[in-house]
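What follows is calculated from the coordinates using simple rules that are stated; it is not laboratory data. The structure displayed is predicted, hence computed values, not measured ones. Here the Cβ positions follow ideal geometry from the backbone for every residue, glycine too, while neighbour counts run over all protein chains shown.
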Amino acid sequence: MSRSGCHQTERGELRIYESSDEVATELADYIAELSEVSVKERGFFAIALSGGSLISLMGKLCEAPYNKTVDWSKWYIFWADERVVSKTHADSNYKLAKDCLLSKVPLIPSHVYSINDSLSAEEAAGEYEFVLRQLVKVRTVGVSEISDCPKFDLILLGMGSDGHVASLFPNHMVLEEKDEWVTFITDSPEPPPERLTFTLPVINSASNVAIVVTGSSKAETLHLAIDDVGRDFSKLPARMVNPGNGNLVWFLDKLAASKLEAFKCTE
Ligand SMILES: O=C(O)[C@H](O)[C@@H](O)[C@H](O)[C@H](O)COP(=O)(O)O
């Protein structure tokens, strides 16, 4: 087996690629395939995005064949996390996705569920959860069989070098949130300080979660998030992603994967 390729582990499926460009190609293919399956099975594709490098890695979806073959009219787009800034601000995850992706494909504008940027963090989190509850009621977003949580067809996450996913940061109280679907923080260790985020129960109720990580600066944290290293890293946010009834797939380039057991043990 080559060091690149797929490895099934207890922490999900690891897909390791030679370069970030290859990650982008395979990620587009994976998303297009899940969209097709969800539209066939449910009539909709409910997808949640994060911010960061993930969005430019999704860029191949704007190109052939996906721009023509994907059933964009069935996409319903959400954010797993958002910064509490205006939608025109350079820090806005909505703006990033809009500029790089959403404005380049024929989506239905009313299916894009961005976060209300005219409210406080607390109010915007409450409103977003309310909207989500209505969409779960009518099953535009599925519902988990084991909790009342939404069951997104796909939640896409990146991972920070501290191991955060969405806006769930290490050692933050927000990791313990069990009741809310969407919550907020006002003390993010990375700017901007105010953010909204899906909670772990929502992330872990999805049908599919993909965590996309590239670059050598993430290698050590990725090792702690995936491998058993002797010390207890069960509270590292990326390690807390564990969709019980769903699939977890890690899209990695070999720089990010370089410290993983699965990568080191194979030639
Ligand atoms: O809004 C955010 O800040 C993101 O959603 C965040 O969780 C991001 O995905 C990671 O920080 C990884 O970002 P990079 O891939 O750019 O390092």
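A straight Cα-to-Cα reach below 30 Å connects Lys259 with the lysines Lys60, Lys218, Lys235, residues fewer than 8 places away in its own chain not being considered. Relative contact order for segment 1-132 using alpha-carbon pairs under 8 Å, separation at least 6, rounded to a whole percent? Worked out over segment 1-132, it gives 20 percent.
What is the order of Thr214, Thr88, Thr9, fewest Cβ neighbours within 10 Å to most?
Final ranking by Cβ density, sparse to dense: Thr88, Thr9, Thr214.
Label-to-label distance, Glu145 versus Glu127, with points set 7 angstrom from Cα along the beta-carbon direction: 3.6 nm. For segment 200-221, the residues whose backbone nitrogen is under 20 Å from a point 7 Å from the Cα of Glu261, taken along Cα to Cβ, are 219-221.
Counted residue by residue at 0.36 nm each, then reduced by the alpha carbon distance between them, the extension gain from Val105 to Glu36 reaches 23.2 nm.
Hydrodynamic analysis of the chain uses the Kirkwood radius over alpha carbon pairs. Inserted into Stokes-Einstein at 20 °C and 1.002 mPa s, it gives a translational diffusion coefficient of 116 µm²/s. Note on Lys74: lysines with a C-alpha under 18 Å away, same-chain residues under 8 apart excluded, are Lys40, Lys98, Lys104, Lys137, Lys151. Here segment 190-267 and segment 4-77 have alpha carbon centers that stand 17 Å from each other. Counting neighbouring Cβ atoms within 10 Å and putting the fewest first, the residues Lys95, Lys40 line up as Lys40, Lys95. Ranked by the mean number of other Cβ atoms within 10 Å of their residues, highest first, the peptides 18-25, 244-251 fall in the order 244-251, 18-25. Helices in the chain, meaning DSSP H runs of at least 4 residues, each add -39500 (n - 2.57). Divided by all residues, the mean residue ellipticity at 222 nm is -8000 deg cm²/dmol.
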